[in-house]
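This report refers to the structure that appears directly beneath it.
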Protein chains: 2
Amino acid sequence: MEEVSLTWEMLKKNSDGMVPVVVQDYESGDVLMAAYMNKDAYEQTLKTGTMTYWSRSRQKLWVKGETSGHFQHVRELRIDCDEDTILARVEQTGAACHTGHRSCFYRRLKPEIQ
Amino acid sequence: MEEVSLTWEMLKKNSDGMVPVVVQDYESGDVLMAAYMNKDAYEQTLKTGTMTYWSRSRQKLWVKGETSGHFQHVRELRIDCDEDTILARVEQTGAACHTGHRSCFYRRLKPEIQ
């Protein structure tokens, strides 16, 4: 797989000046959660190897696991073709979701079709 | 897995009034792409079972595959704990990425750590 170096400035930001991050369990392939990074979160994640986000609700830098102990260790970060979304493949300690579920995506949408 | 019925109005929107969608290959578990839905895209996807997005670049409803033939058939839609992100598990025909790659996440970010 091709490797690229991208500074924060090179990424495409959303309307809030942030970049969405999709978080996937490195071993199972399960999608665990989605969150957002600002410049500090991005650079701290690259530097420390521990997933760090911008908490929109608390308006502060958020080292995932800092209160719960449920840290996410980076195994691989990927970038999509238009450089506006990050895919983080991680080793998840415990549950990714604050509800206690391993993944935040623990509910299925009932379809109209069937 | 719990099943829920959620109308568009019940979902939490981003600053652009849309909901981000993470698209995962149902069989391999690979994350294929990320895109956005507006109300029409959401309702059309639920109704037809074929992934439909809002194209931010073209500013129009976008049935994925309508020009390339690379349709995405919905196998399962999931919603996250705070109801602001959709996970679509799909059968992907051909490549999800316009570059011809199966997944849009075909490049790895070079980490500072190592």
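The values are calculated or read from the model by the stated rules, or taken from the named source; none is laboratory data. Treat the numbers as computed from the prediction; the structure is a model and nothing was measured. When we count neighbours, we look across all protein chains shown, and the Cβ atoms used for this are built from the backbone with ideal geometry, even at glycine. Surface accessibility is based on the protein's heavy atoms, side chains included, excluding ligands, DNA and RNA. Shrake-Rupley method; radii C 1.70, N 1.55, O 1.52, S 1.80 Å.
Output the residues belonging to region B:60-69 that are in contact with a strand residue (DSSP E or B) (Cβ under 7 Å, 6 or more places away or on another chain) and not β-branched (Val, Ile, Thr).
Those that are in contact with a strand residue (DSSP E or B) (Cβ under 7 Å, 6 or more places away or on another chain) and not β-branched (Val, Ile, Thr): B:LEU61, B:TRP62, B:LYS64, B:GLY65.
Looking for something open to solvent by 40 Å² or more (accessible area, probe 1.4 Å), within 8 Å of another protein chain (Cβ to nearest Cβ), part of a loop (DSSP other than H, G, I, E, B) and in contact (Cβ under 8 Å) with a residue 60 or more places away in the chain - is there at least one such residue anywhere in region A:90-100?
The answer is no, given that none of the residues of region A:90-100 is open to solvent by 40 Å² or more (accessible area, probe 1.4 Å), within 8 Å of another protein chain (Cβ to nearest Cβ), part of a loop (DSSP other than H, G, I, E, B) and in contact (Cβ under 8 Å) with a residue 60 or more places away in the chain.
Among the residues of region B:1-14, what is the count of those that are at the interface with chain A (Cβ under 9 Å from one of its Cβ atoms), open to solvent by less than 80 Å² (accessible area, probe 1.4 Å) and part of a loop (DSSP other than H, G, I, E, B)?
Within region B:1-14, residues that are at the interface with chain A (Cβ under 9 Å from one of its Cβ atoms), open to solvent by less than 80 Å² (accessible area, probe 1.4 Å) and part of a loop (DSSP other than H, G, I, E, B) number 3.
Hey, could you check region A:15-40 for residues that are at the interface with chain B (Cβ under 7 Å from one of its Cβ atoms) and either among the small types (Gly, Ala, Ser) or touching a helix residue (DSSP H, G or I) at 6+ places or on another chain (Cβ under 8 Å) (or both) and say which is surrounded by the most Cβ atoms within 10 Å (Cβ to Cβ)?
Result: A:ALA34.
Is there a residue being in contact with a His (Cβ under 6 Å, 6 or more places away or on another chain) and on the phi > 0 side of the Ramachandran plot anywhere in region A:49-57?
no
Go over the candidates A:ARG107, A:ARG78 one by one and state the one that is farther than 14 Å from A:MET33 by Cα, facing another protein chain (nearest Cβ under 9 Å) and either of a type outside the set (Gly, Ala, Ser) or surrounded by 15 or more Cβ atoms within 10 Å (Cβ to Cβ) (or both).
Sole residue among the options that is farther than 14 Å from A:MET33 by Cα, facing another protein chain (nearest Cβ under 9 Å) and either of a type outside the set (Gly, Ala, Ser) or surrounded by 15 or more Cβ atoms within 10 Å (Cβ to Cβ) (or both): A:ARG78.
Given the criteria more than 7 Å from chain B (Cβ to nearest Cβ), modelled with pLDDT under 95, assigned to a loop (DSSP other than H, G, I, E, B) and open to solvent by 50 Å² or more (accessible area, probe 1.4 Å), does A:ARG58 qualify?
So A:ARG58 fits the description; yes.
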